[in-house]
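Q: Please find one structure pasted underneath; my questions will follow.
The values are calculated or read from the model by the stated rules, or taken from the named source; none is laboratory data. Here the structure is a predicted model, which means the values were calculated and not measured. Cβ placement follows ideal geometry from the backbone for every residue including glycine, while neighbour counts extend to all protein chains displayed. The accessibility values were calculated without ligands, DNA or RNA, using every heavy atom of the protein model including side chains. Shrake-Rupley method; radii C 1.70, N 1.55, O 1.52, S 1.80 Å.
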Amino acid sequence: GAESLSITNSTIRESQGKGIYIDVSGGGVLTAALDNNDIYNHSSHGIHTYTHDTGSSLNLDITGSRIHDLTTGMGIYAQAGTNGTQDLLVDQDVITMTGDDGIQVHNSGNYSTTTAVVTGNTITDSTDKGIYLYRYSGSSALSGTIKGNTILRGGTYGIYTYTSASAS
């Protein structure tokens, strides 16, 4: 059945791994809101979502949060694996000093589907890309809207999109 999750006005800091990890699998359906959180000093990603398996879907809003000072990870890493579906809104977040991409939306598996709206964010001092939309499998679908973001001192690229017809 469908589940819901809300993490609001929280401070999440100093883990040896990820700040928040959301894994939706086995046909699970989750609607989640991560609002106005301060996520920092993690040795991996600030927020990592992974949606995979037939029937599994995630509808996620990440809004008004500060994600910063990550040793090696991405600020937000939203990943759809084989047969996973995700619908993302990343809006009005401040992401600074990441050890990799500021925001990465990644379709990594066959038959995965992602719709991502990335608006009004401020991303500074990411080691690699500010915003990265990445579709690898030819049988997956990624639809993205990037609008009104400010990206300053992105490592390799400010905004980078990649699409491949290769099967994974």
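Q: For segment 17-33, what are the residues that are of a type outside the set (Ser, Thr, Tyr), free of Cβ contacts under 8 Å to residues at least 40 places away in the same chain and within 15 Å of ILE103 (Cα to Cα)? I'd like the intermediate steps shown before the answer.
A: Residues of segment 17-33 of a type outside the set (Ser, Thr, Tyr): 17-20, 22-24, 26-30, 32-33.
Add one more test, that the residue is free of Cβ contacts under 8 Å to residues at least 40 places away in the same chain, and what stays is 17, 20, 22-23, 26-30, 32-33.
Answer for segment 17-33, where residues must be of a type outside the set (Ser, Thr, Tyr), free of Cβ contacts under 8 Å to residues at least 40 places away in the same chain and within 15 Å of ILE103 (Cα to Cα): just ILE20.
Q: If you don't mind, there's one more thing I want to ask. Only residues that are of a type in the set (A, V, I, L, M, F, W, C) and open to solvent by 60 Å² or more (accessible area, probe 1.4 Å): list them for segment 1-51, please. Before the answer, list the steps.
A: If we filter segment 1-51 for residues that are of a type in the set (A, V, I, L, M, F, W, C), which is where we start, we get 2, 5, 7, 12, 20, 22, 24, 29-30, 32-34, 39, 47.
Of everything in segment 1-51, those that are of a type in the set (A, V, I, L, M, F, W, C) and open to solvent by 60 Å² or more (accessible area, probe 1.4 Å) turn out to be ALA2, LEU5.
Q: Next question, about the same structure. I'm trying to understand the selection: among the residues of segment 143-154, which are open to solvent by 50 Å² or more (accessible area, probe 1.4 Å) and modelled with pLDDT under 95?
A: SER143, ARG153
Q: Contact list please: Cβ distance under 8 Å, first residue in segment 99-115 and without any contact (Cβ under 8 Å) to a residue 24 or more places away in the chain and under 15 Å from GLY144 (Cα atoms), second residue surrounded by fewer than 24 Cβ atoms within 10 Å (Cβ to Cβ) and among the hydroxyl-bearing types (Ser, Thr, Tyr), pairs at least six apart or on different chains.
A: Here the result reads none, with nothing in segment 99-115 linked to a residue that is surrounded by fewer than 24 Cβ atoms within 10 Å (Cβ to Cβ) and among the hydroxyl-bearing types (Ser, Thr, Tyr).
Q: Sticking with this structure for a sec: What are the residues in segment 117-131 that are crowded, with 24+ Cβ neighbours inside 10 Å and assigned to a strand (DSSP E or B), if any? Step through it out loud before you land on a result.
A: Here is the first cut: in segment 117-131, the ones crowded, with 24+ Cβ neighbours inside 10 Å are 118, 121, 123, 126, 129-131.
The answer is VAL118, ILE123, SER126, LYS129, GLY130, ILE131.
Q: Something else now. Hey, does segment 68-88 have a residue that's closer than 28 Å to ALA2 by Cβ, at pLDDT 95 or above and surrounded by fewer than 17 Cβ atoms within 10 Å (Cβ to Cβ)?
A: Within segment 68-88, not a single residue is closer than 28 Å to ALA2 by Cβ, at pLDDT 95 or above and surrounded by fewer than 17 Cβ atoms within 10 Å (Cβ to Cβ).
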